[in-house]
1. Would you kindly calculate the translational diffusion coefficient of chain A, applying Stokes-Einstein with the Kirkwood radius from alpha carbon pairs, for 20 °C and a viscosity of 1.002 mPa s, and quote it in µm² s⁻¹ without decimals?
2. Which of the trypsin sites (Lys or Arg not before Pro) across segment A:201-280 are loop residues per DSSP, with 11 or fewer other Cβ within 10 Å?
3. Can you compute the charge dipole magnitude of chain A about its Cα centre, using +1 on each Lys and Arg Cβ and -1 on each Asp and Glu Cβ, nothing else charged? Give it in debye, rounded to the nearest 20.
4. Take every residue in peptide B:66-72, count the Cβ atoms of other chains within 10 Å of its Cβ, and give the average of those counts.
5. Can you tell me how much longer the chain between B:Ser131 and B:Leu40 gets when fully stretched, taken as 0.36 nm per residue apart minus their C-alpha distance, in nm with one decimal?
6. Looking at the protein assembly as shown, send over the antiparallel percent of its DSSP beta bridges, to the nearest 5.
7. Select from segment B:94-122 all residues whose loss of accessible area on going from the chain by itself to the full protein assembly reaches 50 Å² or more (probe 1.4 Å).
8. Consider a paramagnetic label point 7 Å from the Cα of B:Ile62 along Cα→Cβ; state which residues of segment B:72-91 have an amide N under 20 Å from it.
Amino acid sequence: MEAYPGPYVQHDSPLVFLSGLGERPDENRSGTSIPRQESGTRIVTASAECEGDRATQLLDKLLGHDGSQRAWNSAAQSGPKGGLRYRMKPIGRTFTLPPRKAAPSPQSPSADGLQSQHRSTELHSPLSPLSPGSPIYPDGVFTPLWVAKHQEHVPALLIAFFSISTDDTSTSRNEQIQIDINAIRTALGRSGFKTKFAAVILSDTSILHAPELEDRLSAIRRATTLDLKTGLFFMPPMSSQAEIATFVDSLLTPLQPLVLDYYRDLTRHNRRKKARGGATAESGVHTLSTPGWNVRYEVKQGVFAEFRQEMDVAERHYSQAIEDLFSSDGILEATPSWSPRWSEARLLCDILAFRTLRCQLFSGLTTGAAVSWVNYRARVKDLVDRRGVGSQTYGFDAWESRWAEIMAQLLEHAALPVFQSSAKQAPAESTELQQRQIFAPLDKGISAADRTPPFHQLHHRAYWLRLAFQSARARLGRALEIPEEDRTPPSRSPASSVAQRSKKYDTYLVPEPDEEYPFAVDKGYNHITTLRRLAMEAAREFSIRGQARSAQHIRLDLAHQVACTGGYSEALDILTPVWEDATWRDEEWDDVFSSLLYLLHDCATHVNNAELRLATTWELLAVGSHPPAMGDREFSDYVGHSQHASEKVAVKFENRQRLSPVTVSFAFVDKDTRVGELVECQLTVRSHASDDSAPITLSRVEVMLSSSTTIVISHKTSASPILETETLLDLSEAASGDVGYLDVEADLTLHPSQSRICSLFLNFREAGVVRLQQACLVVENDTFCLEHTYTDEDLMRTASVRVLHDSVLQRRLLPHSDTTAVTVLPKPPKMLVSLHQLRKHYYANECIRLELELVNEESESVDAIAALHVSGDTDDAVTVGWDSEQASQGELALGNVAAAVSVTAGLTVEAPAEPCTFIIDINISYTLASDPSTSLTKTLTTELEITVPFEAKYELAPLLQPGPWPSYFDAGDYRNAAPEGVALKWRLGTPLHSSAADSIVIRNMELVIDSVAEDATCNLSDHAFQKEQVLSATQSAMTNFEFVTRMRSLDNRSAANVELSLVVTWSREGDSAKVTASLPVPRLTLPSSEPRVLCTLGDGPAETDTLVLDYHLENPSMHFLTFAVTMESSEAFAFAGPKYRALSLAPLSRLRLQYHLLLHDQQDETDVQAEEGEGCWIWPVLSVVDSYYQKNLRVHAGSARIKVDEKRGLGVLVSDL
Amino acid sequence: MEARSPSIAAIGVIGRHNNPLHISLFDATGPGYEHARDKLEYSFMLNSCLDIFEARMPNKTIGHDFGLLHALDERIAMYGWLLNTGVKLVIVVDMEGRPALSPEAGKTAILGLRNSDLTPAFQALQTAYISLLRNPFYVPDDHDPRATKGGASLQIASPRFIKEVERVGKAWYPGTTAI
């Protein structure tokens, strides 16, 4: 923008002159001198200027309506409908308007007839191409002076301020004002400009206080014929700023239409002139062509529209003007390109395009602006290619750069809301806003679904500055290619070559080639300044918008250019911050980062910055490349060799602050260890340099642990170079006794992608967590010292270690995740505790005896106490106790135990009767004789499971009671307390099933009466248990018990309830300890008055082979019962006895029915069921039916050799007859 | 001048921690456009997209289509997608990348693009990346600078994936519905 004349690029605001309020220095605009000012109309006002605070405040408020410093957009510069923004220009009392018409030629027409023939007698504006004095005479199109004239010198409105005072009552003051006003108006009229005029009378008293003012005002009004509404204003004294502001508003509001009218009049005048055909009547060779005149009119109309802030109208006129310039008979096509007029037209055209963009941005047409920008660039390129010297020149690159920069500058001036800071916006809009920050949304009317070239979304300034930078860079590139013969100043070059230059180079707004790339360094055009300005501005803009990477990129680009032209130290200044902050390092954009490093390294080498050179070499190796000059040299050779600094250079890096070609990783092999024990750790250093680079030799590696242990591994060249990729160095022998410091030596020359794994053993004196604190790689020689320290454990942690397995290195994953830490536990207790005599299975009621043994393996004697604790899911408490008398509450003091001595203690556990599981904890707490205050604890935990050894079943059956029955008719002896009920005999069979895993011996079984109902008695017959019996697993044993029940009263016919338990005494096989288990028999309910039938084997006559069966029918009830008895015939035997008969039984009586059975010899095989040698079974069937109740009575076995089978009924064992 | 139509100039796959996983370049074709694309220049371009991803990410709650990231000049524009795993796909479009095969195609260079034009290409890339993840020999942690702590190259080396990216880059044209 700076390349163009100021008035062209200035924003057009209506010019208002303020007369009589003093002058203010205007630093914003450089006055553009209009030639021959003296010939203009001079306006002189005799009245004194208004003075005092009031005038100053008024001026301030008026200047508040000045829009020249505001942003160029419709919000900041309200359009014609809102309050206009003006260009307020306070002038003194006297000023000169430029001449409206050029002065007539100084020579008299008669003196030079030839000239006068060519001249029209009509006078033109001094800036018109028709006026000989004009800078564009005779065929120029336009001059910035014309714009300047309207911006600076010819006001649309002149406001004159006069003060009147009530003190001064003389009419002379009044008259003076009247004279002045009239003089100004006359002068304005004489000047030919249609400047509007208004006068403001400042009074020090209001009309209310001094009514005579009214008359004075009306006198002035009458004398000047000024309209009270739009011409003459009265300003009473005002106290507050707000009042003054309101007054200024009320002053300017009615004047605004006048101002607009002024410019509209000018437009109208212009349009008329254009319609008339301009000045085409002129003849002559070098006159402006018709299209030229049209351009002139369009431009003027455009400018006037801009003054009126009608930007859309202005844009239309400018676009038309551009079309006219480019049209086939337009100036750009018709004028020869060597002519200065062609360049002038180009400049005008640029300005028109610029103003078009400005108008579009003013109205917020961002897409339109982008499109115009792109189109105009293409148009100019085409024009230059066709008519100029082509677009492959530094001149065109310069133009492109300028054109992009213009867009950036326009965007800055326009301050589009979309690109403004987001801080003010509501959060709800922020999503869209973030989107907007890079580029503006499409204009209204273009839907997002339509195809649009992406570039047509207007991007923010930095992008345009970037484009400008790129073009400027291209320009520099072309400038550097200028051949030497063109670089000599024209004064020292042959004329022919100078003439050639104009055909070769486009020097539109750029210096000649000899200045573009001069021989002398300090002269000519400074490309770097331009590049730096553009790049830094772009970088700043990118940074503001959070685009740090783009900012760094453009800085890097700039540094490249600066370095190319030899500004190494300047390039370093640009690059160093980029290098420090670059995200490329951490994000591993290696190619991008290495390009930065190369440049930095190059610069550091040139300015001999040893530290930087060292650091960049180190980082370059890390990204897999190396400085080109390094070649095959080793790192320390390269850095040390070419160093000129006298003193030793030391650099220190930390973590990822710089990349390192050698990484270090560390792991403890075990998760925890104990005080005094050795723990292995592995330290790995690995080289990541590229394959073609030389090896790197580390001077030493230092590792610090939080236990203030330091490990230093120093380099020591081994006899033969190590060539394997991975080498495990076993440094365990070097483990020194001194805990705090470990110094070992190893070969630390690392070829590319080699790694060294140092296996070390450490021991720690104190318990706690030991962490890796830092690891430091040191490369050092006489000239430099590089230390790269890692303190971030995450960077050094590794999940695996290497182990040597069959002479092959294998990777072993570690089971713990935090491998850079090890937990050091306190010393372990060295007491051996064991329980002896522990069996696999224990059974209910058993008394478990255990033996605890303590072996003191400590090196000294101890004082120990053993404590017992039982826990488990039992309902009953398990009784556990020490056998020893000294025990109290489960604790047993074991006393002093000497070293290597064992002590035993007995332990008894009473197993509960129910099956259960419980845990016995035995805590041995002891103190060492040397350290009685520290208690050590050893715990032994045993789980015991108690199961039931056997299960009993119970089978109840009736037996025949041989004794007599009590008589119903006998009163009995009252003195005899013996029970008098019917005695009934019963048999209880108890099959015992072993569920124990071991064999057990049943020592004894007996039946015990737990309780008998009060109205009954129960007598157990003699002990039935014969002999001890071994019951192995899952075996069963049967024992029968007999007992007799008797009701106490004969009248009591209820059942007798008896509760019994089976007491089993058993022991483990081979163990004498007896265990007594009491098994409760389910409650027995024994009927005492039910009729029953019992079968016994009677004592038959011995001589025969007959068998006698006695059937005893019992009726213990109080009823007279009749039974039908039927003996079924059988093939197995013949019988003697009643086949069928009815029997009646009196109450409380019994009856024996005898049958004699003769067994047949031949018997079915199936009947032979008895065991060998015992005979066989026969199955006589006697049915006894209660004839009254029709109830079949079951026949019970009443004695031995008779059994009741579920299926076949009663069976009788027949021994061999 | 011969009519040109847009083509893909480069495809960048960028990891969760903003590290480059893969970059494919596609040279422009046709007379006057012979010069090869500069790898470093495109690395810079793709890198600069990360700024925009970062700026938009906090406000982007749904969807993965970041649309137009930015346009550097009339020719080069960048579009982006963000995958669920934080991997970013960037497609650099050259608006004059190839000669227009038909007059219809020639119009697109002038008319431009809409965001949905890139969707098939992004979908194809996403599919390719997903099938890469399904490859048991591809361990995503090996390509994560935080997990590997420097040293080994983080670039994707799977030939199938690279081939697929190449195919997508060549096959795409504006208005295509599936690749």
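1. Working: Rh = 45.8 Å.
Stokes-Einstein gives a translational diffusion coefficient of 47 µm²/s.
2. Working: sites: A:Arg216, A:Arg221, A:Arg222, A:Lys229, A:Arg264, A:Arg268, A:Arg271, A:Arg272, A:Lys273, A:Lys274, A:Arg276; in loops: A:Lys229.
In loop regions of segment A:201-280 (DSSP not H, G, I, E or B), the sparsely surrounded trypsin sites (Lys or Arg not before Pro) are A:Lys229.
3. Details: 115 positive and 159 negative charges, 2074 e Å.
Approximately 9960 debye in magnitude.
4. On the way: counts 1, 3, 7, 3, 10, 11, 8.
For peptide B:66-72, the averaged partner shielding equals 6.
5. Working: separation 91, 0.36 × 91 = 32.76 nm, distance 2.83 nm.
So the extension gain works out to 29.9 nm.
6. Numbers: 213 of 261 bridges.
Here the share of antiparallel DSSP bridges comes out near 80 percent.
7. Those residues are B:Leu111, B:Arg114.
8. The answer is B:81-86.
The values are calculated or read from the model by the stated rules, or taken from the named source; none is laboratory data. Bear in mind the structure is a predicted one, so any value in this text is a computation, not a measurement. Backbone-built Cβ (ideal geometry, glycine too); neighbour counts: all protein chains shown. Surface accessibility is based on the protein's heavy atoms, side chains included, excluding ligands, DNA and RNA. Shrake-Rupley method; radii C 1.70, N 1.55, O 1.52, S 1.80 Å.
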